[in-house]
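Have a look at the structure below, then the notes.
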Amino acid sequence: MSKLLFKKTNAQDLDFKTLIKSLDQDLAITDGEEHSFYNQFNGTDNINHVLVAYENSIALSCGAFKIMDSKVVEIKRMYTVPSYRGKGLAALVLKNLEEWASKEGFKCCVLETGTRQIAAIRLYEKCGYQIIENYGQYKGVINSCCFEKAI
């Protein structure tokens, strides 16, 4: 990969919207019949911290965080275009999100991913996230896997 540019933006960003449209299409396939349950928690109305990664002005990856409380943010909407997967880009997006949240005064990141999202689970474990008891709307959901990391 040549030089990457990371743009801090918000959920109204057109490149972000395009990337998450692709994310939602992928998740509809992976989640199957459970997609409507998970999708209800993927709205972007309360997301004001979005990061989009570019190479040669092309949006390749994104992620965001949503404020949970004064110390905790939830990582949301992580996606990398298929042709750039496996090259460390998602880990860079995640690292930049963590640094941004830390500079804003937050101490911890949490996130949820589906148990069928094997690559995502590997990414989060590789980046130092620990599996925790499912939180919030994911409590008791068998196909949800929740993580946490101090930042």
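Residues of region 101-119 that are outside any strand (DSSP E or B), at pLDDT 95 or above and surrounded by fewer than 19 Cβ atoms within 10 Å (Cβ to Cβ): S102, K103, E104, G105, K107. Give the residue that is surrounded by the fewest Cβ atoms within 10 Å (Cβ to Cβ), with candidates limited to residues of region 76-100 that are basic (K, R) and within 17 Å of T9 (Cα to Cα). Within region 76-100, the match that is surrounded by the fewest Cβ atoms within 10 Å (Cβ to Cβ) is K95. Counting the residues of region 128-151 that are part of a loop (DSSP other than H, G, I, E, B), of a type in the set (G, A, S) and at pLDDT 95 or above gives 1.
Okay, residues lined up against (1) closer than 25 Å to T18 by Cβ; (2) among the aliphatic types (A, V, I, L, M); (3) out of contact with any helix residue (DSSP H, G or I) (no Cβ under 9 Å at 6 or more places or on another chain):
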position	(1), (2), (3)
A64	yes, yes, no
M68	no, yes, no
Y79	yes, no, no
A120	yes, yes, no
Y124	yes, no, no
I151	no, yes, no
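State yes or no: is Q137 in contact with a Phe, Trp or Tyr (Cβ under 8 Å, 6 or more places away or on another chain), surrounded by 12 or more Cβ atoms within 10 Å (Cβ to Cβ) and closer than 25 Å to Q25 by Cβ?
Values: in contact with a Phe, Trp or Tyr (Cβ under 8 Å, 6 or more places away or on another chain): yes; surrounded by 12 or more Cβ atoms within 10 Å (Cβ to Cβ): yes; closer than 25 Å to Q25 by Cβ: yes.
Answer is yes for this residue.
Within region 96-140, the set of residues being aliphatic (A, V, I, L, M) and touching a residue at least 24 places away in the same chain (Cβ under 8 Å) comprises L97, A101, V110, L111, A119, A120, I121, L123.
Are there any pairs with C-beta distances below 8 angstrom linking a residue in region 49-62 that is surrounded by 22 or more Cβ atoms within 10 Å (Cβ to Cβ) to a residue that is part of a strand (DSSP E or B) and of a type in the set (F, W, Y), with the two at least 6 apart or on different chains, and if so which? Listed by first residue and then by second, the contacts come to L51/F6; V52/F6; A53/F6; L60/Y54; S61/Y79; C62/Y79.
The values are calculated or read from the model by the stated rules, or taken from the named source; none is laboratory data. The model shown is predicted, which means the values in this text are computed figures rather than measured ones. Note: ideal-geometry Cβ built from the backbone for every residue, glycine included; neighbour counts use all protein chains shown.
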